[in-house]
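Report on the structure given below.
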Amino acid sequence: MSNDEVLNNDRKMTSVFERFLSLWVGLCIIAGILLGKIAPGVAQYLDGLAIYVKGAPVVSIPIAVCLFFMMYPIMVKIDFGEVIKAGKSGKPVFLTLFVNWAIKPFTMYGIALFFLGTLFYHFIGPDAVDPAGGCHTRGRHRGDG
């Protein structure tokens, strides 16, 4: 068996879940929105399970648990020998740390402001706030808040 055949077999999506992952994600988003509209108490209960600092939710326990179960199957397949070998070269490690800690937080905040404060503001209304800074995103973008 050649290297190409091995790579193709490794990347082959065998389950229905893997083949239609984008569809499942979209259906889960729609189900979450419908659940929030039909039973708003569920969303409020799940929000109450967060860890708060100065009145702002910092860690959502339900999301943390779900993320753990999402990442666990991938984590058990890690070849730690390869991780150590990759860590010996400092340049990629430092570049990754720089991007993840110095660039990404600001770009994600900007994207959130754009989508919550501008694009989807009419769907979510004045509840689109920045709980850490206490600023209404609409006023910042439109000048009418």
Legend entry - Calculated from backbone phi, Karplus (6.51, -1.76, 1.60) coupling profile of region 64-79 in Hz, x at Gly/Pro: 4, 5, 5, 5, 4, 5, 6, 8, 3, x, 6, 5, 6, 8, 5, 8
Legend entry - region 55-129: trypsin sites (Lys or Arg not before Pro) in DSSP coil with no more than 14 other Cβ atoms inside 10 Å: K77, K88
Inset, instruction - Give a residue-ordered list of calculated ³J(HN,Hα) values for region 101-114 (Karplus: 6.51 cos²θ - 1.76 cosθ + 1.60, θ = phi - 60°; whole Hz; x for Gly, Pro). - result: 10, 10, 10, 4, x, 6, 5, 5, 5, x, 5, 4, 4, 5
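Read-outs throughout are calculated quantities, based only on the coordinates presented, and are distinct from any laboratory measurement. Computed from a predicted model, the values in this text were never measured in an experiment. Note: ideal-geometry Cβ built from the backbone for every residue, glycine included; neighbour counts use all protein chains shown.
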